[in-house]
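Quick notes on the structure that follows.
The values are calculated or read from the model by the stated rules, or taken from the named source; none is laboratory data. The structure presented is a predicted model; accordingly, all values stated were derived computationally and were not measured. Quick reminder, even Gly has a Cβ in these numbers, built from the backbone with ideal geometry, and neighbours come from all protein chains shown. Accessible surface is based on the protein model in full, side chains and every heavy atom, while ligands, DNA and RNA are left aside. Shrake-Rupley method; radii C 1.70, N 1.55, O 1.52, S 1.80 Å.
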Amino acid sequence: MEIIIISIVAFLTAILTFFSGFGLGTLLTPVFMLFFPVDIAIGLCGIVHFANNLFKFFLVGKHANKEVLLKFGIPAIIAAFVGSWLLLQISDLEPLFSYSLFGKQLDVFPVKFIIAVLLVIFALLDLIPFLSKLEFGKDKLPLGGVLSGFFGGLSGHQGALRSAFLIKAGLSKESFIATGIVVSMFIDFTRLSVYASKITTYTLYENKVLLISATLCAITGAYLGNQLLKKVTLKFLQVFVAILLLLVAIALGMGII
């Protein structure tokens, strides 16, 4: 059952990632958590995420902006290492608060709540007319890299913060997508190297069918998303990202994902 559920979610969210620049790790990680301990779930999802990014890199990687990669990517890699290391230290951290919804207990963890607040702020920058005219200067890219990399390593939620900064960096539609993919790939490689101490060869072998199935479904979704991307405008992309940021923020803040 977990193979079917995870594979379907991987396919659907992979389509979204080509429009939003994020979504696969954000939405797939909590699904993995339904079947695995938190640290193992983040690690296994990270493997699918990295393989999917590698495929997308070969599709559109040539459009990546080299200046943004350096200013955003290097701080992101360093911060991802710190966040990944911290995850292994606090994997048993208590929830900030808990509540019941439709008979189910939902837990809201401190890290997810902080991310939710940040995402609401960035989403409003795109949805409120006055604020939507603001742009983050290139000098703000290192901060975006630190936030994206750190929370990516800590919780697997790297893409939403990354997109919130890159969508304001004055990039073209193709460059926005490609630059995000390359940065994400670097962060994935960094955090997986740290997670390796938790994910044994036996764990990988035991879940090889699940990993292969989820990866193939994600790649199929990414390919379809790449075809659909050619039909959308940058303005559509900005509004779509903002709305998705708000939805993810609400879900994170409520402990749903």
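Of note:
- Model label zone, PHE58; criterion: amide N under 19 Å from point 7 Å along Cα-to-beta-carbon; scope segment 1-37: 11, 14-15, 18
- Most mobile of PHE57, PHE97, PHE189 in a GNM of the chain (Cα contacts under 10 Å): PHE97
- Helical mean residue ellipticity (222 nm; -39500 (n - 2.57) per DSSP H run of 4+; nearest 500) of the chain: -23500 deg cm²/dmol
- When P(r) over Cα pairs in 10 Å bins from 0, in percent is calculated for this entry, the matching label among [x] 7, 31, 37, 21, 3, 0; [y] 7, 29, 32, 21, 10, 2, 0; [z] 8, 33, 39, 18, 3, 0 is [z].
- Calculated FRET efficiency, LEU124 to MET1, Cβ-Cβ distance, R0 = 35 Å: about 0.35 to the nearest 0.05.
- When each of LYS66/LYS140; LYS112/LYS168; LYS71/LYS140; LYS62/LYS173 is checked by Cα-Cα distance, pairs over 18 Å: LYS112/LYS168
- Taken about its Cα centre, segment 1-123 carries a charge dipole of about 500 debye when Lys and Arg each add +1 at the Cβ and Asp and Glu each add -1 at the Cβ.
- Protection proxy ranking of 192-201, 102-111 - average other beta-carbon atoms within 10 Å, highest first: 192-201, 102-111
- Look at the dipole of segment 1-115 built from charges on Cβ: of PRO95, VAL31, LEU16, the Cα furthest out on the positive end belongs to LEU16.
- Here segment 1-72 has 75 percent of its accessible surface on carbon and sulfur atoms, given a 1.4 Å probe and all protein chains in place.
- Peptides 10-20, 35-45, 221-231 ranked from most to least packed, by the mean per-residue count of other Cβ atoms within 10 Å: 10-20, 35-45, 221-231.
- Taking a straight line from the alpha carbon of LYS198, these lysines sit under 20 Å away, with near neighbours fewer than eight places off in the same chain left out: LYS208.
- Label-to-label distance for VAL239 and THR203 is 4.3 nm, based on points extended 7 Å past Cα in the beta-carbon direction.
- Accessible area in square angstrom per residue, segment 21-107, 1.4 angstrom probe: 50
- Zone residues, segment 240-256, relative to VAL232, backbone N less than 16 Å from point 7 Å out along Cα-to-Cβ: 240-248
- Of the DSSP H helices in the chain, those whose Cα atoms cover at least 30 Å axially and whose Kyte score averages -1.0 or more: 38-60, 173-195, 208-229
- Cα-centre dipole for the chain with unit charges at Cβ (Lys and Arg positive, Asp and Glu negative), debye to 20: 820
- Added length on full extension, which subtracts the Cα-Cα distance from 0.36 nm per residue, GLU67 to VAL82: 3.1 nm
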